[in-house]
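Heads up, the thing below is written out as structure tokens.
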Amino acid sequence: MDDIQILIVDDEKEIRDLLKKYLERELYTVDVAVNGEEALHLFDKKPYNLLILDLMMPKVDGIEVCRRIRKESNVPILMLTAKDQEVDKVLGLGIGADDYITKPFSINEVIARIKALLRRFLILGSKEELRENQATIAFKDLTIDVKKYTLTIAEKEIPLTAKEFELLKFLASHPGQVFTKTQLFRNVWGSNYIEDDNTVMVHIRKLRKKIEADPSKPQYIQTVWGIGYKFVGDKDEK
């Protein structure tokens, strides 16, 4: 790859210094901003390849920074949030962040997320990136906008929590494929260990109440007895 330019935006010096240190070890060129106002100024002056953006900041918060940047650029944005409730806020507002991670975080996980975003953005090229930004997953009257993090059914927007959206998106991205609860937990929650065996079932039940005409006879998310769950539907390729 050519020289990769990354902008870190966070009002916590310890976070900025930690991320900058490890990203420079990966041979990335790194700039830092202490607030959203400074970030927007730097972004206007330099063509960055990726932004790491804290959600809650003084002057201009991460949500507003993301909105403004999305008006002119498809640069990958990794959003940092302080707690799970803020993740729901990021996804629910559909502000256009490409990925998110909660604090405290594993620096190795952050590096892995960054590499994945850069690989998609730089190696696959602008055409693929444009498709990602415009991508929707549609089944009959159900449409998942993977960029805006919104779900509409019969043109009505259905509010989902962060984990409900991630679970639905994952299942709908693999129609007809059966997943065990452990596989779903690993892919959606990012862990191999399920602390509460009911976690997946509870989220499936909540999703069904929101997307199924009759949750007792689900048409989209079906149970495969003794194994797990699968999403059923023919994709609308329009």
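Considering the stretch 24-43, and only residues there that are in a helix (DSSP H, G or I) and under 16 Å from LEU118 (Cβ atoms), the residue that is least open to solvent (accessible area, probe 1.4 Å) turns out to be GLU24.
Report yes if ILE95 is in contact with a helix residue (DSSP H, G or I) (Cβ under 8 Å, 6 or more places away or on another chain) and at pLDDT 90 or above, otherwise no. Spelling it out, it is not the case that ILE95 is in contact with a helix residue (DSSP H, G or I) (Cβ under 8 Å, 6 or more places away or on another chain) and at pLDDT 90 or above. In the set (1) part of a loop (DSSP other than H, G, I, E, B); (2) in contact with a strand residue (DSSP E or B) (Cβ under 7 Å, 6 or more places away or on another chain); (3) more than 21 Å from GLY96 (Cα to Cα), ARG16 fails one condition alone, (1). The numbered conditions (1) within 17 Å of ILE114 (Cβ to Cβ); (2) open to solvent by less than 50 Å² (accessible area, probe 1.4 Å); (3) of a type in the set (A, V, I, L, M, F, W, C); (4) touching a residue at least 40 places away in the same chain (Cβ under 8 Å) are all true for MET57 except (1). Put simply, of LYS46, LYS21, LYS13 the only residue that is touching a residue at least 40 places away in the same chain (Cβ under 8 Å) and surrounded by fewer than 13 Cβ atoms within 10 Å (Cβ to Cβ) is LYS46.
Considering (1) modelled with pLDDT under 90; (2) over 21 Å from LYS148 (Cα atoms); (3) not charged (D, E, K, R), the lone condition that THR81 does not fulfil carries the number (2). Cβ-Cβ contacts under 7 Å between residues 6 or more apart (or on different chains), taken from a first residue in the stretch 204-223 that is without any contact (Cβ under 8 Å) to a residue 40 or more places away in the chain and closer than 23 Å to TRP189 by Cβ to a second residue that is aromatic (Phe, Trp, Tyr) and in a strand (DSSP E or B), are listed as ILE204/TYR229; GLN222/TYR229; THR223/TYR229.
The values are calculated or read from the model by the stated rules, or taken from the named source; none is laboratory data. Predicted model, so just to flag it, every value in this text is computed and none were measured. So basically every Cβ, Gly included, is an ideal-geometry build from the backbone, and we count neighbours across all protein chains shown. Side chains included, ligands, DNA and RNA excluded: accessible areas come from the protein's heavy atoms. Shrake-Rupley method; radii C 1.70, N 1.55, O 1.52, S 1.80 Å.
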